[in-house]
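What follows is a short report on a single structure.
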């Protein structure tokens, strides 16, 4: 056992939330391929049959809405690997649909996972990294953290919050040698468009139906032709290991292009372009 522990501590360790599927899973596999120790966390690790077969990968139960599971997973990972060099805050899902029809419960669940959950994990790991005198926190945001599409008001609200929170946080953590990075994927073919999607539509009116049909057709087409999560994993790794002060990393076409256009074009021009794209 001592020999195994020595091997673990010789390598750097990444702690990933939401590693059961999509971008989180791809990141766990990629870091493992690079020889890192991987603490892959998910709500139900007992259902996982592949990740735990990879060398230097261990699974931990973690629900970002539950502080107790966050603390327990971090403690166990430190016990197993000795330290945590990088945290990848990936856990999240998407709500889309008509805001008028969204209940307080729907809105809170979206923010509780995508924003408050990310904040809980970040807050829990800061003292660990301060004690270590260094580390990197990689926040998985979205191109939707700096621009917006129709019917994604709540989801965009969470990602804009992540962007602002993380940019501000990086100032206060920099003196302790803790880096904050923001990864902004464009459309990625994951459960975001399928299993984990929560679509909200009014039950008491049909006035939005034509708008929904146009927007949803374009959104689903974008997801269908998108790249897979494997294109994001190397960018997460690069963000986690970069030596410079770069804050944001865009990945996944047409995300980088759209983010550039959002910065260069007048807001009215950009909004007109989005309307034309969705035919609204």
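Only the coordinates and a few stated rules stand behind these numbers; no lab work does. Quick caveat, the model's predicted, so the values are computed rather than measured. Glycine gets a Cβ as well: all are built from the backbone with ideal geometry, and neighbour counts include every protein chain shown.
Rounded to whole Å, give me the distance from the Cα center of segment 137-151 to that of segment 63-114. About 16 Å separates the Cα centre of segment 137-151 from the one of segment 63-114. Compute the acute angle (0 to 90°) between the alpha-carbon long axis of helix 22-33 and the principal axis of greatest extent of the alpha-carbon atoms of the chain; round to the nearest 10°. Approximately 30 degrees, to the nearest 10. Projected label points at residue 171 and residue 243, each 7 Å from Cα along the beta carbon direction, are separated by 2.8 nanometres. Between residue 269 and residue 218, the FRET efficiency estimated from the beta carbon spacing at R0 = 30 angstrom works out to 0.95.
Given the options 31, 270, 237, which has the most mean-square fluctuation in a GNM of the chain, springs set between C-alpha atoms less than 10 angstrom apart? Comparing 31, 270, 237 in the GNM, the peak value goes to 270.
Across segment 11-77, the mean sequence separation of Cα contacts (distance under 8 Å, 6 or more residues apart), normalised by length, yields a relative contact order of 29 percent. Normalised Debye scattering of the chain at q = 0.13, 0.14, 0.15 Å⁻¹ gives log10 I(q)/I(0) of -0.87, -0.99, -1.13, counting only Cα atoms as equal scatterers and leaving out solvent.
Using only Cα atoms, find the angle between the long axis of helix 67-81 and the longest principal axis of the chain, and express it within 0 to 90 degrees, rounded to the nearest 10. For helix 67-81, the angle is close to 40 degrees. The order of the peptides 144-154, 67-77 by mean Cβ neighbours within 10 Å, most packed first, is 144-154, 67-77. Helix-only arithmetic for the chain: the sum of -39500 (n - 2.57) across DSSP H runs with n ≥ 4, divided by the residue total, places the mean residue ellipticity at 222 nm at -14500 deg cm²/dmol. Seen against the Cα atoms of the chain and their longest principal axis, helix 267-278 is set at about 80 degrees. Taking 40, 233, 224 in turn, the Gaussian network model of the chain (Cα-Cα springs below 10 Å) assigns the largest fluctuation to 224. Stretched out straight at 0.36 nm per residue, the stretch from residue 211 to residue 130 would grow longer than its current Cα-Cα span by 24.2 nm. Taking the average, over residues, of other Cβ atoms within 10 Å as the packing measure, peptides 82-94, 165-177 rank 82-94, 165-177 from highest down. Classified by the C-alpha gyration tensor, segment 1-154 has a prolate form. Its axis ratio a/c, with a ≥ b ≥ c, is 1.5 or above, and a/b is larger than b/c.
Working from Cα pairs under 8 Å separated by at least six residues, relative contact order for the chain is 19 percent. Among 65, 41, 158, the largest mean-square fluctuation in a Gaussian network model of the chain, built with springs joining Cα atoms closer than 10 Å, belongs to 65.
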